[in-house]
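**Student:** Quick one: the structure is below, and I'll ask about it shortly.
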Amino acid sequence: MNLIYLIVLFLASHIYLEKGKLPVKIQEMKLRYILLGSLGIILLAVVLGIVLHIASFLVMTVTVCSASLIAYKYRSKFDEMERGKSV
């Protein structure tokens with residue numbers, strides 16, 4: 001059941017990002033800060049999950065959402081490089 005939830009969450013987050021619903025502040029943020037922020041949010045989810053006794057579910061959810069955001073940022077940077085823009 002968890003695997004189905006994670007697949008649906010991953011697809012939904014990709015659709016959400018592809019429609020351009022990402023806030024402007026995050027969209028203009030550099031990739032390295034997105035990576036560091038994602039790592040920090042995952043670590044925070046680990047701590048909160050242990051305290052709230054829902055560690056596996058919370059960490060999986062946050063990791064999938066962070067991975068989707070990172071993949072979107074990488075893809076957008078690669079598209080800019082292919083078009084000849086300076087990154």
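The values are calculated or read from the model by the stated rules, or taken from the named source; none is laboratory data. Because the structure is predicted, anything quoted here is derived from the model rather than measured. Positions of Cβ are generated from backbone atoms using ideal geometry, with glycine treated the same way; all protein chains shown enter the neighbour counts. Surface accessibility is based on the protein's heavy atoms, side chains included, excluding ligands, DNA and RNA. Shrake-Rupley method; radii C 1.70, N 1.55, O 1.52, S 1.80 Å.
**Student:** Among the residues of segment 27-36, is there at least one that is of a type outside the set (D, E, K, R), open to solvent by less than 50 Å² (accessible area, probe 1.4 Å) and over 19 Å from PHE78 (Cα atoms)?
**Tutor:** Taking every residue of segment 27-36 in turn, none turns out to be of a type outside the set (D, E, K, R), open to solvent by less than 50 Å² (accessible area, probe 1.4 Å) and over 19 Å from PHE78 (Cα atoms).
**Student:** So, restricting to helices (runs of 4 or more DSSP H) that lie completely within the chain, which ones have at least 2 residues that are touching a Phe, Trp or Tyr at 6+ places or on another chain (Cβ under 8 Å)?
**Tutor:** 2-18, 31-52, 55-82
**Student:** Let me ask another. Which of the residues spanning segment 38-78 are open to solvent by less than 60 Å² (accessible area, probe 1.4 Å) and either free of Cβ contacts under 8 Å to residues at least 24 places away in the same chain or touching a Lys or Arg at 6+ places or on another chain (Cβ under 7 Å) (or both)?
**Tutor:** Residues satisfying the conditions are GLY40, ALA45, VAL46, GLY49, ALA55, LEU58, VAL59, VAL62, THR63, SER76.
**Student:** Could you go through segment 18-26 and let me know if any residue there is open to solvent by 80 Å² or more (accessible area, probe 1.4 Å) and acidic (Asp, Glu).
**Tutor:** Pass one, segment 18-26, residues open to solvent by 80 Å² or more (accessible area, probe 1.4 Å): 18-19, 21, 24-25.
Cutting the leftovers down to acidic (Asp, Glu) gives us 18.
Yes; the residues of segment 18-26 include at least one that is open to solvent by 80 Å² or more (accessible area, probe 1.4 Å) and acidic (Asp, Glu).
**Student:** If a residue must be under 18 Å from VAL64 (Cβ atoms) and not small (Gly, Ala, Ser), how many such residues does segment 20-50 contain?
**Tutor:** Result for segment 20-50: 12.
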